[in-house]
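The values are calculated or read from the model by the stated rules, or taken from the named source; none is laboratory data. Worth saying up front: this structure is predicted, and the values here are computed from it rather than measured. Cβ atoms come from the backbone with ideal geometry, glycine included; neighbour counts cover every protein chain shown. The accessibility values were calculated without ligands, DNA or RNA, using every heavy atom of the protein model including side chains. Shrake-Rupley method; radii C 1.70, N 1.55, O 1.52, S 1.80 Å.
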Amino acid sequence: MENFTFTFPATNKIDRFAHVGVVGSGDLEVLMEPSSDLQTEVTIRTGITGFETTWEPLIQRFFTQHDIAAKVKINDFGATPGVVKLRLEQALEVAANE
Amino acid sequence: MEVNPHDLLEIEGVGDLTSFSTIPEWVESALAKAPFVVVRRAQASEGFIAVGVRGSERNERFAAFLLVNRIIRRITPEQLTRESKWSDQPKEIFRGLEQIEKLLDSHSIKWGPVGSIGFELASGKETTKKTSDIDIVIHFSENFTLNFAREIEGELKKNQFRVDVQVETLEGAFLLGEYVESGEKPILLRTMDGPILKKITIEEKDK
């Protein structure tokens, strides 16, 4: 099991807690909660070791495009980058739904 | 030759594979032990198939392409089911698979084992571990209403092993667990062109 955290400055609040995704092979769970700090903190837990350099640009790109102040937890079970991105978009849609 | 995601293809060895990135060392030894690759859900150029190589560790997965004419043999998940290849296997995980077989056969659902258990059955090489889940794929049909899916999911939860179910539709595959919990919201559909979010709804028929 591997754990790593990325933080980015952020300004926009999100409205509510979101939980999307599935615990299961090739997928992941995303938990997104509003944060009062002016930053996004993304913590990734994964059983597939050795991919920190794949995660970093992917997460960075997403939170550069979407400026949100949130605490994000990702529990990964070997999702492809395409699935990770889609799950993050899905979580954001739930969390920021007006 | 028609191939579908999850099919296992027997090849000669690493020399049959083409890749844009450097082929890691473990790939050659993995294929020397069990010369099978799995068909990935991805597009490939004419004459090629997108395949994946499975190593012994969870972080050992490698995406490559295979020339169609290099295929020695194709084994589909449904073929493994037709042959009930697990009936004379002593390992406990195959008893779990027997329970699944009984359940799905009683509902006339077309299905097959995939992932590590499918690989072990096709290749004859030990692949599952004590902690392995049972991965299966089942074919979507018009009967697959939310209620029916819920019933199947409930029965599968009684299995002593964790059962991961992918449901195959013509457009792509989704996870049974996500469909059951979706409450008719869009769910993740894995297609040949990548994952998309899509609403899956089947009208309940009057009985």
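Return the FRET efficiency for the residue pair B:Lys110, A:Glu41: r is the Cβ-Cβ distance, R0 is 41 Å, and the value is rounded to the nearest 0.05.
With R0 = 41 Å, the Cβ-Cβ based efficiency is 0.35.
Residues with amide H under 5 Å of A:Ala69's amide H, sequence separation 5 or more or different chain, H placed in the peptide plane at 1.01 Å from N; which?
Placed amide hydrogens put A:Thr11, A:Asn12, A:Lys13, A:Ile14 under 5 Å from A:Ala69.
Can you pull the percent of the range B:26-160's accessible area that's carbon plus sulfur, 1.4 Å probe, other chains left in place?
Carbon and sulfur: 47 percent of the exposed surface of the range B:26-160.
Could you tell me whether the protein assembly as shown comes out rounded, prolate or oblate from its Cα gyration tensor? Rule is a ≥ b ≥ c as square roots of the eigenvalues, rounded for a/c under 1.5, then prolate if a/b exceeds b/c, otherwise oblate.
Oblate, since a/c reaches 1.5 and b/c is not below a/b.
What spacing in nm lies between the two simple spin-label points modelled at B:Arg82 and B:Glu204, each 7 Å away from Cα in the Cβ direction?
3.6
If you plug each phi of the range B:173-189 into the Karplus form 6.51 cos²θ - 1.76 cosθ + 1.60 with θ = phi - 60°, what whole-Hz ³J(HN,Hα) values come out, in order, with x for Gly and Pro?
Result, rounded to whole Hz: 10, 10, 8, 4, x, 6, 4, 4, 8, 5, x, 6, 7, x, 10, 7, 10.
To the nearest hundred square angstrom, how large is the accessible surface buried between A and B, total for both chains, probe 1.4 angstrom?
Chains A and B together bury roughly 1300 Å² of accessible area.
How many percent of the alpha carbon pairs in chain A exceed a separation of 21 Å?
Value for chain A: 24 percent of Cα pairs lie more than 21 Å apart.
For the range B:62-207, what proportion of DSSP beta bridges, expressed in % and rounded to the nearest 5, is antiparallel?
Percent antiparallel among DSSP bridges in the range B:62-207 is about 70.
Take the Cα gyration tensor of chain B, multiply each eigenvalue by 5, square-root it, and list the three semi-axes largest first, rounded to whole angstrom.
30, 21, 15
Between the alpha-carbon centers of the range B:159-207 and the range A:28-98, tell me the distance in whole angstrom.
22
Can you tell me what share of the DSSP beta bridges in the protein assembly as shown is antiparallel? A percent to the nearest 5 is fine.
80
In the range A:69-98, which residues give up 40 Å² or more of accessible area once the other protein chains are added, compared with their chain alone (1.4 Å probe)?
A:Val83, A:Leu86, A:Arg87, A:Gln90
Quote the FRET efficiency, to the nearest 0.05, computed for A:Glu89 versus B:Lys91 with a Förster distance R0 of 35 Å and r equal to the Cβ-Cβ distance.
0.30
Roughly how many Å² is the accessible area per residue of the protein assembly as shown, as a whole number, for a 1.4 Å probe?
The answer is 53 Å² per residue.
Can you list the residues of the range B:172-191 that have at least 10 square angstrom less accessible area with all protein chains present than in their chain by itself, probe 1.4 Å?
Going by heavy-atom accessible area, the residues of the range B:172-191 that drop by at least 10 Å² are B:Leu175, B:Glu178, B:Pro186, B:Leu188, B:Arg190.
Taking square-rooted eigenvalues a ≥ b ≥ c of the alpha carbon gyration tensor, is the range B:113-178 rounded, prolate or oblate, where a/c under 1.5 means rounded and, failing that, a/b exceeding b/c means prolate?
Note, shape of the range B:113-178 comes out oblate.
Around A:Gly50, under 12 Å between beta carbons, what's the net of Lys plus Arg minus Asp minus Glu among the other residues?
Neighbourhood net charge equals -2.
Can you work out ³J(HN,Hα) from phi for every residue in the range B:123-133, in order, using Karplus 6.51 cos²θ - 1.76 cosθ + 1.60 and θ = phi - 60°, giving whole Hz and x for Gly and Pro?
Those phi angles translate into 8, x, 9, 4, 10, 6, 10, 4, 8, 5, 7 Hz.
Long-range amide H contacts for B:Val114: which residues qualify at under 5 Å (H placed 1.01 Å from N, peptide plane, sequence gap of 5 or more or a different chain)?
Distant-sequence amide H within range of B:Val114: B:Asp135, B:Ile136, B:Val137.
Measure nothing fancy, just the Cα-based angle from helix A:81-95's long axis to the longest principal axis of chain A, in degrees from 0 to 90, nearest 10.
30
Pull up all non-local amide H partners of B:Ile200: gap of 5 or more, or a different chain, and H-to-H distance under 5 Å with H placed in the peptide plane.
Placed amide hydrogens put B:Ile187 under 5 Å from B:Ile200.
State to the nearest 20 debye the size of the charge dipole of the range B:15-158 about its Cα centre, where the only charges are +1 on K and R beta carbons and -1 on D and E beta carbons.
The dipole of the range B:15-158 has a size of about 120 debye.
Given the rule -39500 (n - 2.57) for each run of at least 4 DSSP H residues, summed and divided by the residues of chain A, what is its mean residue ellipticity at 222 nm, to the nearest 500 deg cm²/dmol?
So the calculated ellipticity at 222 nm is -9500 deg cm²/dmol.
Using only DSSP helix segments of four residues or longer, with each worth -39500 (n - 2.57), what per-residue ellipticity at 222 nm results for chain B after dividing by its residue count and rounding to 500?
-7500 deg cm²/dmol
Taking the Cβ of B:Asp193 as the center, what net charge do the other residues with Cβ under 13 Å away carry, scoring Lys and Arg +1 and Asp and Glu -1?
Once positives and negatives cancel, what remains is +3.
Please report the net charge: other residues with Cβ closer than 13 Å to the Cβ of A:Ile68, K and R +1, D and E -1.
-4
For the range A:49-64, just list the computed ³J(HN,Hα) in residue order, Karplus coefficients 6.51, -1.76 and 1.60, θ = phi - 60°, integers in Hz, with x standing in for Gly and Pro.
Per-residue couplings from phi come out as 7, x, 10, 4, 6, 7, 5, 4, x, 5, 5, 4, 5, 4, 7, 7 Hz.
Using a simple spin-label model with points 7 Å from Cα along the Cα→Cβ vector, what separation in nm is obtained for B:Glu2 and B:Lys185?
3.7
Mind pulling the angle between the C-alpha long axis of helix B:146-156 and the longest principal axis of chain B? Nearest 10 degrees, somewhere in 0 to 90.
Computed tilt is about 60 degrees.
If you take every DSSP beta bridge fully contained in chain A, what fraction is antiparallel? Give it as a percent rounded to 5.
Rounded to the nearest five, the antiparallel share is 75 percent.
Please work out whether the range B:1-86 counts as rounded, prolate or oblate from its C-alpha gyration tensor, where a ≥ b ≥ c are the square roots of the eigenvalues and a/c under 1.5 means rounded, while otherwise a/b larger than b/c means prolate and anything else oblate?
oblate
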